[in-house]
Structure formats: C-alpha cells, structure tokens
Amino acid sequence: MTSSDAAIETTTLRVRRGGVEVLHGVELRVPPGQLVGLLGPSGSGKSTLMRAIVGAQRIDGGEVRVLGERAGSPALRRRVGYVTQAPSVYDDLTVAQNLAYFARILGAPRSDVARVLDEVDLAPLAGRLVSRLSGGQLTRVSLGIALLGSPRLLVLDEPTVGLDPVLRRDLWRLFARLAASGVSLLVSSHVMDEARRCDRIVLLYQGSVLADLTPEELLRSTGTTDADDAFLALVAGAGR
C-alpha cells in the first residue's frame, strides 16, 4: 500500500508530553475500508496517537498523513469523525438538538440527524435532555456526532469502555457495517478480547508498536488461543 491510498499513515512519529517522549517513532498504516483496532494497556500512548492523527496533538518528529492530507488540514474537517473518551456534548440540549447543532457547524445535510439517530439507535431518545442520559447513551450521542456528514475516516478513542456486553456488541456490529460500506475506522481499546472483532490489530505498548497484523496472524504467530495471552507473549518477547 502506498501513501496515496492509505486512510492513515504515520512515519517515524514522535511525541513528547511533559518533557517525556511517549511515542517512539511510530509507524502505522490504516488501509481504506478496514476496521483497525488500536489495542494496548492504559498509558501505552493510544490517546496521544489518536490526537496526533486528528491534528489535535503537537508532534516532535515524523509525519502524519490522513486521507492523503497532512493531519489537521482544513480539508479534513468534514472527512474525519473523532470521538474522545469524554463525551463532547451539551448537557442542556436534547439528543436531537445536539446533533442538529453539530450538523450546522459541519455543514451536514439536515436529513443527517434522522439518519444518525437511527444508526446509533437513539431515535426513541431524540427529545431527551443529554443530562438525563446514561453513560452508554452519552457514548452513542458522541458517536452520532462523529457520523454526521458521512466521514470517510472515524477515529474512536475507547468508545466501548464501561458499556454493558449487549451495547458493546451492537457498537462493534455498527463499526463492521461502516467498514463494509467503505469507511475506515481506527478504534482504540484496552479490552483485548475486542481484537477478534477487527480486520487488523495494532498492538501499542509503552509508545511503540509491538505488532500490526490480523487476529488470526496474532494468535498463530504467538502460538496462543486468545488475545490476552498473545499480547503477553509479545510483551515478554519485547523485553528480551
């Protein structure tokens, strides 16, 4: 795959925070139309990497290109959807009002609000104040905002953390449908069993990429039967 057809490409990406280097020459390529899991324990640098990809993080070396453009370029504003760990919504507005507000900012069609409400299964709650939603419902509102305008890339920072198993399953099914429609997704998690739901897995540990491969390749290369054991095997190998 070349730079021109990669949804995301980082080259020797280095980031320092508080005087400490937290990403060490990260090389990452996300192909178009794939669901890629960015997995690793808390503190491994996943959120920092995602902020660099969406242009919200100052970098200290290397390059980040997104959909053929330099990360953070104005041209990417409507082509990239980003969900942070903390919901970015207005508590004093209803679900539908939040979506309508962000749709106007993005210049998305008014019809997008109804489409997105259906996609994230929030149509029955459209008129409810965001302040009265559960944590899982808030996550779905944030995801809905990211889907406005039909972006070609979604960068989702631990969108399933704290959710019940049924909602986690439903969100991963939505991610798979989006990928099947041609959308590229980079989804971070520290829950290793979510790896099997991805087309490819990038394992990040202490600011470095340990592996970039399919779930089947991960298990086969480590001689293990589940993602947790595979990750531990890779960590052990990196320490030798």
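The values are calculated or read from the model by the stated rules, or taken from the named source; none is laboratory data. All figures in this text were calculated on a predicted structure; none of them were measured in a lab. Here the Cβ positions follow ideal geometry from the backbone for every residue, glycine too, while neighbour counts run over all protein chains shown.
Report yes if Gly149 is more than 19 Å from Cys198 (Cα to Cα) and touching a Lys or Arg at 6+ places or on another chain (Cβ under 9 Å), otherwise no.
Yes: the conditions hold for Gly149.
Name every residue in the range 6-36 that is small (Gly, Ala, Ser), modelled with pLDDT under 95 and surrounded by 19 or more Cβ atoms within 10 Å (Cβ to Cβ), in order of residue number.
Of everything in the range 6-36, just one residue is small (Gly, Ala, Ser), modelled with pLDDT under 95 and surrounded by 19 or more Cβ atoms within 10 Å (Cβ to Cβ), namely Ala6.
Regarding Ala126, is this residue in contact (Cβ under 8 Å) with a residue 24 or more places away in the chain and more than 23 Å from Ala176 (Cβ to Cβ)?
So Ala126 passes the test.
When only residues in the range 198-220 that are on the phi < 0 side of the Ramachandran plot and out of contact with any strand residue (DSSP E or B) (no Cβ under 7 Å at 6 or more places or on another chain) count, which is surrounded by the fewest Cβ atoms within 10 Å (Cβ to Cβ)?
So, considering only residues that are on the phi < 0 side of the Ramachandran plot and out of contact with any strand residue (DSSP E or B) (no Cβ under 7 Å at 6 or more places or on another chain), the one surrounded by the fewest Cβ atoms within 10 Å (Cβ to Cβ) is Glu216.
Let me spell it out: the conditions are (1) out of contact with any strand residue (DSSP E or B) (no Cβ under 8 Å at 6 or more places or on another chain); (2) modelled with pLDDT of 95 or more, and Ile59 meets all of them except one. Which number is the exception?
(1)
Take Val66 and decide whether it is more than 30 Å from Ala233 (Cβ to Cβ), buried (at least 19 other Cβ atoms within 10 Å of the Cβ) and in contact with a strand residue (DSSP E or B) (Cβ under 7 Å, 6 or more places away or on another chain).
yes
Pick out the one residue from Arg177, Arg140, Arg168, Arg173 that is touching a Ser or Thr at 6+ places or on another chain (Cβ under 7 Å) and either under 28 Å from Leu28 (Cβ atoms) or in contact (Cβ under 8 Å) with a residue 12 or more places away in the chain (or both).
After applying the criteria, what remains is Arg168.
For Gly107, state whether it is at pLDDT 95 or above, surrounded by fewer than 20 Cβ atoms within 10 Å (Cβ to Cβ) and among the small types (Gly, Ala, Ser).
no
Listed residues Gly144, Gly149; which is in contact with a helix residue (DSSP H, G or I) (Cβ under 6 Å, 6 or more places away or on another chain), in a helix (DSSP H, G or I), at pLDDT 90 or above and not aliphatic (A, V, I, L, M)?
Residue meeting the stated conditions: Gly144.
Conditions tested, residue by residue: (1) in contact with a Leu (Cβ under 8 Å, 6 or more places away or on another chain); (2) within 21 Å of Leu156 (Cα to Cα).
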{"position": "Glu69", "(1), (2)": "yes, yes"}
{"position": "Leu76", "(1), (2)": "yes, yes"}
{"position": "Val80", "(1), (2)": "yes, yes"}
{"position": "Gln85", "(1), (2)": "no, yes"}
{"position": "Val89", "(1), (2)": "yes, yes"}
{"position": "Leu106", "(1), (2)": "yes, yes"}
{"position": "Ser111", "(1), (2)": "no, no"}
{"position": "Ala114", "(1), (2)": "no, no"}
{"position": "Pro124", "(1), (2)": "no, no"}
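If you go through the range 174-226, how many residues are more than 27 Å from Val22 (Cα to Cα), aliphatic (A, V, I, L, M) and not in a loop (DSSP other than H, G, I, E, B)?
6
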